[in-house]
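Please treat every number below as a calculation from the coordinates, not as lab data. No experiment lies behind these values; they were computed from the predicted model shown. All Cβ positions, even for glycine, are placed from backbone atoms using ideal geometry, and neighbour counts span all protein chains on display.
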Amino acid sequence: MVNVEVWQKLHSELSAKKVTLVAVSKTKPAEDIQEMYALGQRDFGENYVQELVDKEAALPKDIRWHFIGHLQRNKVKFIAPFVHLIHGVDSGKLLSEINKQAEKNARVIDVLLQMHIADEDTKFGMDEREIDAAVTEAMQMPHVRICGLMGMATNTDDDNKIREEYRRLKQLFDKLAQHQFNGQTHFHTCSIGMSGDYAIAVEEGSTMVRIGSLLFGERNYTR
Ligand SMILES: *Cc1c(COP(=O)(O)O)cnc(C)c1O
């Protein structure tokens, strides 16, 4: 089920602020995506490779598919032909595999490096030093383009803590933009903010939010 009013409100609020809305459709049926597509939504986010491959085949070709989950190296090849942006890149090895598969498909794949900002060590991501190393490695990879950073905040009711974590990501983003990327215009994306905390993320400089349950209702993983 698609919450049309919420979509309209988010769409106008976010586009006024030049923030891209990625509708996170994982576990939701293709009909829900089709319905939101009809409203004008084009960016959709998925977490599971097989689910993404099936949906891509079944749905309109001008959808921009974002892979937002944890990507295993042996699965890059399945999404390399069409993926628009890979958010959660958390190692140089994964970057190198994406470069290889992008070359096979004669394309350049846009990626975001995932920064570990949460307390939970169950969340993936790199620290500042690892991100610096990945940026350096990517200089030798002509088929990947680093477009920014992605992060997931701690799962908490403490808004100040979430704000502080997003702020740290934005600070590193600004530093990289200024130094390593020297103001290059393709380094422009801060993918932070989900259903529960997107307003905080936007205040802290998000340029891309990933919103699922607010738009599609709660997910049911046992279905
Ligand atoms: C599922 C998911 C989201 C969306 O979460 P909601 O709370 O439903 O908005 C955003 N980002 C990532 C990485 C996710 O896995």
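Summary table below
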{"item": "Whether region 44-157 is rounded, prolate or oblate, judged on the alpha carbon gyration tensor where a/c under 1.5 counts as rounded", "result": "oblate"}
{"item": "Label-to-label distance, nm, for residues given as PHE78 and SER213 (7 Å Cα→Cβ offset)", "result": "2.6 nm"}
{"item": "Out-of-range pairs (alpha-carbon distance over 18 Å; input LYS100/LYS175; LYS75/LYS170; LYS18/LYS170; LYS123/LYS161; LYS75/LYS100)", "result": "LYS100/LYS175; LYS75/LYS170"}
{"item": "Over region 11-90, relative contact order from alpha-carbon pairs under 8 Å, at least 6 apart, %", "result": "26 percent"}
{"item": "Within-10-Å neighbourhood charge of SER91 [Cβ basis; K, R +1; D, E -1]", "result": "-2"}
{"item": "Cβ-based net charge around TYR198, under 13 Å, with every Lys or Arg adding one and every Asp or Glu removing one", "result": "-1"}
{"item": "Debye, to nearest 20: dipole size of the chain, +1 on Lys, Arg Cβ, -1 on Asp, Glu Cβ", "result": "760 debye"}
{"item": "Backbone HN-Hα couplings from phi across region 156-172 [Karplus 6.51/-1.76/1.60, Hz, Gly and Pro as x]", "result": "8, 8, 7, 4, 5, 5, 4, 4, 5, 5, 5, 5, 5, 5, 5, 5, 5"}
{"item": "Positive dipole terminus of the chain, leading residue within ILE98, PRO29, PHE124 (C-beta point charges)", "result": "ILE98"}
{"item": "The chain: C-alpha gyration tensor shape, a/c 1.5 cut-off, then a/b vs b/c", "result": "oblate"}
